[in-house]
């Protein structure tokens, strides 16, 4: 209760100050920044940015990738965000197609690896870091059920894994879509669906969130979760009996990326933030959680991350994935989403 | 006075009718906003995965209704027709599920029957993720609602009927089926429809424990959040409105048929002592209570265990909400703020609205429309209302657009979502007051507001308190309407439970759920103490001896 009364008091003081100050000064700019960056990292991101630019206050709007994307699209006619910092490149491509982003070449763009920015010039978005698919295996549960450690995607279709796998539903999770679109690129269109048909036989359930399969594997709720490497490394650091596998055929990946929302009233501050988001300092900050970053030569190995990730990333065709997204999702849904009927 | 009637009716039009209209029209637009008639509906019914959900929702709804009404009837029977001890305690325990979000029983079931569940052997290899889990969670969630209705129905029996039956030498079974059941049939029907509507429109339980078992409520969420397909979300919403609306209509018709059982000459039934029967009922009440208390205890245990199932030591690490999705501790305080506003403004609005409809003269059309709008929220699922609010309030052409993303829109949606029951409570209390008060006041040339503050409010204080507490508790626990409406500055505890579970952080989700439970329970206890004090002060006249 202490905290509540404190909040009310500070709120009162705040509004009193605001009333007094309105019209007198406009020193600090506030930016509304939409993001899907993990909640635990947000304070750090803002603090590091403010070390260099103390005058700009960041107001975070954080949610999972799907929800932030939905929010941005819903607000298309009347945008609320100034900047998007840390959202899947696939989502940003969608928004680029809707004409919602303002193309901008940040200072220092040339230092980024080629694939870490939009192909148009000036680019509509710039990349921060890559998040890559991975398989989380709970070693305790695997031993209990005598499951061999998988080494490839194909291994996962082995009937021994039946009922021991979880993966995100691509219709609600960005990670799920990343998996599906990468399999279609690795195995080809027909081979990809054939692979998923077999995989489907082993899947126990599809989750709505991309990090959930790995967290479920961490708790032993399933033995194997198809998720992403960052989540696996975090859970492992917390003491979960996990092994993080990078399948040998290669892994799908997506970028966390940055963009300016068209129509922002704080364009200068927005540009300052996007400039900062591609600096070496920012890249080193991304590197604290992610192994693959925009300026890869700076990257240091990250604890609990397998070190062969950069070689294993497939040559992901984001434009193709964005253009075919609707078709792929509809096909997936008709094949696998009607799995469950009433068990009467 | 007429002006006030129009103002409050206008509130319901803006907060309910217009958003629903916005949603209906959205369901007939393509993604670019062009009118395409029923094409979205045709597409919907051609997608087998989506149509399955209708079947699934009905399956869950019907089974939950059968199970809940049976359990609730037996418990109500024990509470009204036996002389078992500790009735108030059992009654209190049975009300616990009202104090938690519907996500919480889902979480408890995962800890009990999941792969690493404490007693997962009891499912004999069946999977808790899916219909079994949803139905158990819904039974937990709907039990108090059914119990309240059936207990009320059972407690107004006329003892003379039973005396007559006994003197005709009818057996106990025969009396049960020819006197007891017919006497409560309307209560049973009413309870069945309330449970069915709740189970079909609930979103929390299927989200947490449903696995791949899709139902209409989770489909809306998936269409909107997962695929950003707002038109299809609107279509599913309209489909979900149909069963809820039908159940509501049937219930209304049945209610009209109900005639007063309790004539002035009725004699209250006082159960007599039957040792074997009383013990049987006691045993049954204990089993139901163990189920309810057990589910809640499991959640508290889950919240305290550090890393289930590999590190079972206890601690408060799961309460570090600031490191998780969902908005951290702020969302808890936001919820309290939201619930307080909802209780205060909602009570004023609802009570004044009910008063004006009851007492105002003339304006028949407006009052009729108002009555209809006041009953409508009961039939509108929260998710549907929330989605309708996005369409209506976020449209740039709407002058009320500034409300979007504020605390105010959360409060407005919650008041509207829970309007009907509050309105009925207020109306019932007001109907008990003789219209003579107003005529006497008028003949004494007193303005209406004087009677209102001097007589009406004091007499109706218990009902007013009931309404405010009902609104507060529901505002704390509701997920469905607000899940589409919260903003980063107005995250809520109940939505945090959802989001933490969604991200796989199930233990912190349980911890936040328990925070909601303790808050709601604390407020309930406060309400109990307060209303006892106030009743002694303002309601003494009810038992006063005429002189």
Filter result for residue B:353 (closer than 24 Å to residue A:63 by Cβ and either touching a residue at least 12 places away in the same chain (Cβ under 8 Å) or surrounded by fewer than 20 Cβ atoms within 10 Å (Cβ to Cβ) (or both)): no
Output for segment A:220-243, where each listed residue is over 18 Å from the mean Cα position of the chain (by Cα) and either touching a residue at least 12 places away in the same chain (Cβ under 8 Å) or crowded, with 24+ Cβ neighbours inside 10 Å (or both): A:220, A:221, A:222, A:223, A:224, A:236, A:237, A:238, A:240, A:241, A:242, A:243
Elements of type strands (runs of 3 or more DSSP E) contained in segment A:178-262, each with 2 or more residues being under 30 Å from residue B:306 (Cα atoms) and away from chain B (no Cβ under 14 Å): A:242-245
Positions within segment B:199-236 being within 20 Å of residue B:127 (Cβ to Cβ), out of contact with any strand residue (DSSP E or B) (no Cβ under 6 Å at 6 or more places or on another chain) and within 12 Å of chain A (Cβ to nearest Cβ), in sequence order: B:206, B:207, B:208, B:209, B:210, B:213, B:214, B:215, B:218
Residue count, segment B:110-132 (criterion: crowded, with 20+ Cβ neighbours inside 10 Å, away from every other protein chain (no Cβ under 11 Å) and more than 19 Å from residue B:505 (Cα to Cα)): 0
Qualifying residue in segment A:69-82 (condition: more than 11 Å from chain B (Cβ to nearest Cβ) and over 16 Å from the mean Cα position of the chain (by Cα)): yes
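Listed here are the residues, each with its yes/no results for (1) over 15 Å from residue B:382 (Cα atoms); (2) surrounded by 14 or more Cβ atoms within 10 Å (Cβ to Cβ); (3) modelled with pLDDT under 90.
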| site | (1), (2), (3) |
| --- | --- |
| B:223 | yes, yes, yes |
| B:251 | yes, yes, yes |
| B:256 | yes, no, yes |
| B:266 | yes, yes, yes |
| B:281 | yes, yes, no |
Listing of helices (runs of 4 or more DSSP H) fully contained in segment B:343-432 that carry 3 or more residues being modelled with pLDDT of 90 or more: B:382-393, B:407-417, B:419-431
Matching entry among B:497, B:455 (being without any contact (Cβ under 8 Å) to a residue 60 or more places away in the chain, part of a helix (DSSP H, G or I) and either more than 22 Å from residue B:349 (Cβ to Cβ) or away from chain A (no Cβ under 12 Å) (or both)): B:455
Residue among B:181, B:166, B:242 that alone is under 28 Å from residue B:31 (Cα atoms), without any contact (Cβ under 8 Å) to a residue 12 or more places away in the chain, out of contact with any helix residue (DSSP H, G or I) (no Cβ under 7 Å at 6 or more places or on another chain) and surrounded by fewer than 22 Cβ atoms within 10 Å (Cβ to Cβ): B:242
Pairs where the first residue, in segment B:309-327, is away from chain A (no Cβ under 12 Å) and the second is surrounded by fewer than 17 Cβ atoms within 10 Å (Cβ to Cβ) and not in a loop (DSSP other than H, G, I, E, B), C-beta under 6 Å, 6+ apart: B:315/B:306
Set A:182, A:277, A:248: member being farther than 18 Å from residue A:85 by Cα and buried (at least 24 other Cβ atoms within 10 Å of the Cβ): A:182
Evaluation of residue B:504 against (1) outside any helix (DSSP H, G or I); (2) without any contact (Cβ under 8 Å) to a residue 60 or more places away in the chain; (3) surrounded by fewer than 22 Cβ atoms within 10 Å (Cβ to Cβ) (one fails), failing number: (3)
Subset of segment A:52-71 (residues that are touching a helix residue (DSSP H, G or I) at 6+ places or on another chain (Cβ under 9 Å) and at pLDDT 90 or above): A:52, A:53, A:55, A:56, A:57, A:58
Residue B:455 surrounded by fewer than 17 Cβ atoms within 10 Å (Cβ to Cβ) and in contact with a helix residue (DSSP H, G or I) (Cβ under 6 Å, 6 or more places away or on another chain): yes
Identity of the residue in segment A:280-301, part of a loop (DSSP other than H, G, I, E, B) and touching a strand residue (DSSP E or B) at 6+ places or on another chain (Cβ under 6 Å), that ends up surrounded by the fewest Cβ atoms within 10 Å (Cβ to Cβ): A:299
Top-ranked residue in segment B:63-74 [being surrounded by fewer than 20 Cβ atoms within 10 Å (Cβ to Cβ) and within 23 Å of residue B:152 (Cα to Cα); ranked as farthest from the other protein chains (Cβ to nearest Cβ)]: B:74
Answer from B:153, B:146 - the residue that is modelled with pLDDT under 90, closer than 30 Å to residue B:101 by Cβ and in the same structural domain as residue B:267 (by TED's automatic domain parsing): B:153
Residues that are in contact with a helix residue (DSSP H, G or I) (Cβ under 8 Å, 6 or more places away or on another chain) and within 21 Å of residue A:280 (Cβ to Cβ), drawn from segment A:90-117: A:104, A:106, A:107, A:108, A:111, A:113, A:117
Test: residue in segment B:475-490 that is within 14 Å of chain A (Cβ to nearest Cβ), without any contact (Cβ under 8 Å) to a residue 40 or more places away in the chain and in contact with a helix residue (DSSP H, G or I) (Cβ under 6 Å, 6 or more places away or on another chain): no
Lone qualifier among B:390, B:415, B:336, B:409 - being under 28 Å from the mean Cα position of the chain (by Cα), more than 22 Å from residue B:503 (Cα to Cα), away from every other protein chain (no Cβ under 14 Å) and touching a residue at least 24 places away in the same chain (Cβ under 8 Å): B:415
Residues within segment B:15-40 that are more than 14 Å from every other protein chain (Cβ to nearest Cβ), closer than 21 Å to residue A:74 by Cα and in a helix (DSSP H, G or I), tallied: 9
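The values are calculated or read from the model by the stated rules, or taken from the named source; none is laboratory data. All figures in this text were calculated on a predicted structure; none of them were measured in a lab. Heads up, the Cβs are rebuilt from the backbone with ideal geometry, glycines too, and the neighbour counts pull from every protein chain shown.
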